[in-house]
Amino acid sequence: MKKMTSTNLKSWQFEFRSVLNAISQQLTEENFEDLRFILGDYLAKGVLDKAKDAKDVFTLMQESKLLSYDNTDKLIDILEKVNRSDQANELREFQKSLHLLKSVPFNLKPEWLVSHFQKIQKLAEIDHTISREDVHVVTLSGPLGAGKSQSAIWYGIEARRKNAESIVWHCNGKDKSVLLSSLRSLAEELSIHSLKSTLSEIEDVDRTITVLSRELCTELSTRKLESHYHLIIIDDVTKECTQIIQSMVRCFLSSEDLNTKFIVTTRNKLLLKGHGPVELNGFTPEESLKFLMRNIKNESQRDQYSRLAETMSNLPLGLYTARTYMHNMLIGPASFLRLLKQENIESIDEQLKEMDLESEEITLFTAMKFFIYTDLKDNIKPGVFEMFQMLQFLEKDDIPIILLEYVYREEGQFDTMLLSNYLVQAVQSRSLGIIGGEDDNRLLNIHGVVASTLHMCTPFLEKKRLMKKLIWGFALLMDKDVYQKEDRRRLELLIPQARSALKHVEALKMSSDFEIQVLLSYVYDLVGYGYNFGRFITISNDYFDKARSTCFQLLSAVESVIDTGVDSEIEEQNKETLTYYEKFAKMKADIVWNNLEACVASNSKSLENLVPRFIMQKFRVHHEDIKETLEPYLEPSSSGYFITPENYQKLVNRNLAVSLDIMNKYFLHELFVSIFYTYGRQIFYLGNNYDVKDARRLLRYLFLSKEIGLKLKEQESNLAPLSCLLSLITGTLQACLEDSSKLIQNKVEFLQDLANEYSSLFSLDQHYHMFGIFKMISSKNNIFKTNCLKMTLRCFTNILGMVKDDNVRKDIYEKGSRIAEDILQGAQKMGDTWNVPGYSVAVGQFYISFKNVSIENVKRAESLFESAFPKELLERNDTIRSLPRHVLYAGYGLVTCYSLTNKTEAAEKLRQKLQDFETCD
């Protein structure tokens, strides 16, 4: 059997069908009858009677879930029983190849290559250069549109085809955060679990990339290849990333067992000096003619095609778009050249000069302007052209097409997938980019020239209008509910796109518009949350600060003035007490509330337009406990569900939604609670090395969020925003339990009250909503209940360390043990969620908190701690700035377990390592 080389699912399925076809041709009639007889234990006789040959049998097995490309055990067993070990071995070989391909990281996709990709002579030079033993980095430089990225992608795919054991990974070098994300994805593919802990609290992006590079280099050097190498492609490197990429490359070059090579693409050949340079300036004249005249037999037009190639400076991107346009419009090169000359478009020479472009690139931009502003504007639907224009505000890679659909979820335009389909068709038919994925997971990748040309050609006021639409799209589609894998992935894809858009908002100076300010405060908060969730702490802090400051801009208030005034009115002598912070929050909440009331009153008309649209068109994650309740009132559309005004009123009548009159009045209040809550929750991401002043500053916002939420409940009994509840259970209550602010003297009575409050929260049959729509019933939501149980158990764990009476301790331990079992059951139901390790640590800590803990419970605790602590950390020789708390707690839990089971050496080794983590700078 030949080796499989593709990592594409469809290719695996094709290979699998090919193997089954080969097996069926070699089976005898007797083998076929034996197959049918044995399968009689699994398939009905009437079904088997329909099978005329072995291929039919295999089809029936697949339909009955007995056989698939990644599940061949049953067929292998049957083939052995009918004495066809040779065919069983064919399937075993297939499985080995499949396993190998799945375990070797490769993120290039064949569809990233443009249709009709043409190999160029320079590819041979690239191959010759990278094959030299003394060269480990090949730099592809040249003007925009010269084919650098396409050549690198083609070479990477070929490298993988030639050796299925080679790791081939593509990274974007335009932006440090995007580069970091690509490298982290590679680390995850390589199962370097320790990095989740190692990188979690490193605040400096450059240092994080350096640590990542060192870990990747170590891991790749252990994956030996006999006659080949692993390949990392860093595409579109800019000045911003040059220094860190040079540092990354030096890290790899310093390895004694170096078996990794790099291909780096950049416009500026001087950016990365001293490495195998290959200049790409486009096609040769002969290659241009070959490309343009493919499948054209009329040699009389050869000179005209030569002129066209020369006009386009032989740049592949220009020639691809020209060829596509001529094909679609049924015109020849002469007509196309006349169109270019006749185009009377406003000059962009000055803008081109400012971009410091070469003459070939100016030609390309001029041609692209023709394509976009003559072809697209005149020949596609206006909404689709606006979608194209919005691409200028986004990163050029991995643009979720569903985002552009949500931009157009205005009244009467819910089926926006038609528009996005036209966009996809226009991109593909004009060779302006590539499309990956399918359905709601479709991603668009465009060439930088397209975005740059759109940016130059779009008038200033038009940019502001389009940007407002785009920010609406982010506000509607992004969400903080990311417990499930698919929701996390969607947020991760949207975060860099939103960050790019926000940079343009700031450049356009749009923050004076009330509606934009409201949307910006929310999107800033979501981006901060996303980066915080991904442990990019420094970046998240910046966006949280912008969200908070935008809130006070909405109120036309200066926060520092409010804080100074409140502080001067509090009579507390000691300002390092919980009482002071509670008083401060209440007084500040009163002022913020009054300002909110004034803001709502002066912007009532704007809110009457904004609030209904936001509520009814918002993307929402519906968990199983409420999905069935809401589904009858949700209207399906091509881009997810939406709610009509009629159905919204039905939800209101059934107490599943809050009336629009109330939401118009209190929407901003709920938004502020949510923003201040996520701002304050940074207190739980401070790591083990933090300034207590930072913790106290963040604690203020948790209390502020809680106090505004309480006032909201007092003013309107029908309101029960989930964010108000969260500001309590995972806000102030958790902050009091963990006491990062060093303000609380934990006493048994205080902890018992805290435990009782947590227990009561999930026992009540309370309905909560999120921006107007029913979101959760507290007594039925597994995640909420398990979180409350975890906090209750943590209170019991602390109490066990304080009480002296053995009978009291025994009673608490028995109650806690029942809660611990409930927590583990709740965590098991969650499946693939990010917070499960935290539950394991909480239960493990409780088990070993009892003075007379049994060996059985020690072993259970050890198993739970091990599931949350990456053992790879023990093998590290360098220092780590800090670790996530649950990892640190799991580590010290293991130290205790090792000590209790007489593993003294292992306990001491781990204790020393954890102390190194805590004390390093």
- Query: Which Cα, out of 172, 679, 522, lies furthest along the positive dipole direction of the chain (beta carbon charges, K/R +1, D/E -1)?
  - Reply: 172
- At a 1.4 Å probe radius, which order do 128, 886, 230 fall into by accessible area, largest first? 128, 886, 230
- Task: Two decimals is fine: what is log10 I(q)/I(0) at q = 0.09, 0.15 Å⁻¹ for the range 444-590, from a Debye sum with one equal scatterer on every Cα and no solvent?
- Result: -0.40, -0.90
- Crossing angle, helix 460-477 versus the chain [Cα axis fit, 0-90 degrees, rounded to tens]: 60
- Relative to the first principal axis of the alpha-carbon coordinates of the chain, what is the inclination of helix 660-680, with its axis defined by its Cα atoms, in degrees from 0 to 90 and to the nearest 10? 90
- With a 10 Å radius around each residue's Cβ, average the other Cβ atoms per peptide and rank 219-227, 483-491, highest first. 483-491, 219-227
- Surface per residue (accessible, 1.4 Å probe) for the chain, Å²: 44
- Task: Express the C-alpha Rg of the range 61-179 as a ratio against the empirical globular expectation 2.2 N^0.38 Å, rounded to two decimals.
- Result: 1.52
- Find the relative contact order for the chain and round it to a whole percent, using C-alpha pairs within less than 8 Å whose residues are 6+ positions apart. 9
- Item | Electrostatic dipole magnitude of the chain [Cβ: Lys, Arg +1; Asp, Glu -1; Cα centre; debye, to 20] | 440
- Query: With each label point set 7 Å from Cα along the Cα-Cβ vector, what nm distance links residue 767 and residue 628?
  - Reply: 1.7
- Mind ranking 317-327, 661-671 by how tightly packed they are, going by the mean number of other C-beta atoms within 10 angstrom, highest first? 317-327, 661-671
- Which three lengths, in whole Å and largest first, does the range 704-843 cover when its Cα atoms are put on their principal axes? 49, 36, 25
- Whole-number percent relative contact order across the range 633-789, with pairs defined as alpha carbons under 8 Å at least 6 apart: 21
- Query: How long is the gain from residue 128 to residue 605 if the chain were fully straight, where each residue apart is worth 0.36 nm and the alpha carbon distance is subtracted?
  - Reply: 165.0 nm
- Message: Under 8 Å for C-alpha pairs, at least 6 residues apart: give me the relative contact order for the range 455-611, rounded to a whole percent.
- Response: 18
- Task: Would you compute, from DSSP H runs of 4+ residues alone, the mean residue ellipticity of the chain at 222 nm, taking -39500 (n - 2.57) per run and dividing by the full residue count, rounded to the nearest 500?
- Result: -19500 deg cm²/dmol
- Where the convex hull is taken over the Cα atoms of the range 742-808, what is its projected area averaged over directions, in nm²? 6.2
- Note on the structure: Net charge near residue 499 (other residues with Cβ under 9 Å of its Cβ; Lys, Arg +1; Asp, Glu -1) is -1
- Query: Tell me which lysines have Cα within less than 20 Å of residue 55's Cα, excluding those fewer than 8 residues away on the same chain?
  - Reply: 10, 45, 65, 74, 81
- Distant-in-sequence amide H partners of residue 261 (H built 1.01 Å from N, under 5 Å): 230, 231, 232
- Query: Under a 5 Å amide H to amide H cut-off, with H placed in plane at 1.01 Å, what residues pair with residue 437 once short-range neighbours are removed?
  - Reply: 443
- Query: Principal axis lengths of the range 456-509 from Cα atoms, whole Å, largest first?
  - Reply: 41, 18, 16
- Which order, highest average first, do 302-309, 806-813, 396-403 follow once you tally other Cβ atoms within 10 Å for each residue and take the mean per peptide? 396-403, 302-309, 806-813
- Item | Scattering profile of the chain at q = 0.05, 0.09, 0.10 Å⁻¹ [log10 I(q)/I(0), Debye over alpha-carbon scatterers] | -0.36, -1.15, -1.35
- Task: Any chance you could list the semi-axes, whole Å, largest first, of the equivalent ellipsoid that the Cα gyration tensor gives for the range 638-795, using √(5λ)?
- Result: 31, 18, 14
- Message: Going Cα to Cα from residue 224, which lysines come in below 27 Å? Please leave out same-chain ones fewer than 8 positions away.
- Response: 2, 3, 96, 102, 109, 162, 196, 261, 871
- Note on the structure: So the carbon and sulfur contribution to the accessible area of the chain, 1.4 Å probe, in percent, is 47
- Dipole of the range 234-316, Cα-centred, from +1 at each Lys and Arg C-beta and -1 at each Asp and Glu C-beta, to the nearest 20 debye? 140
- Kirkwood hydrodynamic radius of the range 375-514 from all distinct Cα pairs, in Å? 15.4
- Query: Near residue 605, which lysines are there with a Cα under 16 Å away, not counting those fewer than 8 places off in the same chain?
  - Reply: 665
- Query: Assuming R0 = 45 Å, what is the FRET efficiency of residue 33 and residue 425, from their Cβ-Cβ distance, to the nearest 0.05?
  - Reply: 0.30
- Query: Taking the Cα atoms only, what angle lies between the long axis of helix 148-162 and the longest principal axis of the chain, rounded to 10 degrees?
  - Reply: 90
- Message: Once R0 is set to 60 Å, what does the formula 1/(1 + (r/R0)^6) return for the Cβ-Cβ distance between residue 239 and residue 96, expressed as a FRET efficiency to the nearest 0.05?
- Response: 0.85
- Task: Using a cut-off of 10 Å between beta-carbons, work out the net charge of the residues near residue 786 (Lys and Arg +1, Asp and Glu -1, residue 786 not included).
- Result: +2
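The values are calculated or read from the model by the stated rules, or taken from the named source; none is laboratory data. Here the structure is a predicted model, which means the values were calculated and not measured. Glycine gets a Cβ as well: all are built from the backbone with ideal geometry, and neighbour counts include every protein chain shown. Just so you know, the surface numbers come from the protein's heavy atoms only, side chains and all, with ligands and any DNA or RNA stripped out. Shrake-Rupley method; radii C 1.70, N 1.55, O 1.52, S 1.80 Å.
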